[in-house]
Amino acid sequence: MAGVGAGPLRAMGRQALLLLALCATGAQGLYFHIGETEKRCFIEEIPDETMVIGNYRTQMWDKQKEVFLPSTPGLGMHVEVKDPDGKVVLSRQYGSEGRFTFTSHTPGDHQICLHSNSTRMALFAGGKLYREERFRLTSESTNQRVLWWSIAQTVILILTGIWQMRHLKSFFEAKKLV
């Protein structure tokens, strides 16, 4: 029942939907990656009158640091469940982390589909936050370099001034002007 796939996420890398689905008949775990525009469907045979509980979490994948980052605001997922007759049992938008439940009223193969509810705005916000963080780090690094460069220039100017005063003093003493 597990599948792994990856699609492009233009702003940050990949978006990952992490899902742990628990059925009343026995626990089954599922972990997978899904891209921004991908839709992932699973077919699961579920007995009559069985409650299915799914816990999930969405996260962003940072390609450069190779770590999962917390989800951006507004980024979540849409869950749609159809019974064996094709009737929609559940169709709902969810946030970035939470739980969904449904009860099967017909035994057989149920189709559970998940896809990101990402919009360009949510992706833009994620990319914007990422760019702001990079810009902040670059600014801090630049400020540190400017500080040390200023200190180095000051030290060089002071040392040059001391050397010039000594040199001029020795010059005037040699010429007997002082």
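Inspect all residues belonging to the stretch 75-94 and state whether any of them is surrounded by fewer than 17 Cβ atoms within 10 Å (Cβ to Cβ), at pLDDT below 85 and not in a strand (DSSP E or B). For the stretch 75-94, residues surrounded by fewer than 17 Cβ atoms within 10 Å (Cβ to Cβ), at pLDDT below 85 and not in a strand (DSSP E or B): absent. Applying the criterion of being at pLDDT 75 or above and among the β-branched types (Val, Ile, Thr) to the residues of the stretch 28-74, the residue that is nearest to Leu114 (Cα to Cα) is Ile34.
The residues of the stretch 133-178 that are at pLDDT below 90 and open to solvent by 90 Å² or more (accessible area, probe 1.4 Å), listed by number, are Arg134, Glu173, Lys175, Lys176, Leu177, Val178.
The values are calculated or read from the model by the stated rules, or taken from the named source; none is laboratory data. What you are looking at is a predicted structure, and each value in this text was computed from that prediction instead of being measured. Neighbour counts are summed over all protein chains in view; Cβ atoms, including those assigned to glycine, are modelled from backbone coordinates with ideal geometry. When the accessible area is computed, the model is the full protein with side chains, heavy atoms only, and any ligands, DNA or RNA have been set aside. Shrake-Rupley method; radii C 1.70, N 1.55, O 1.52, S 1.80 Å.
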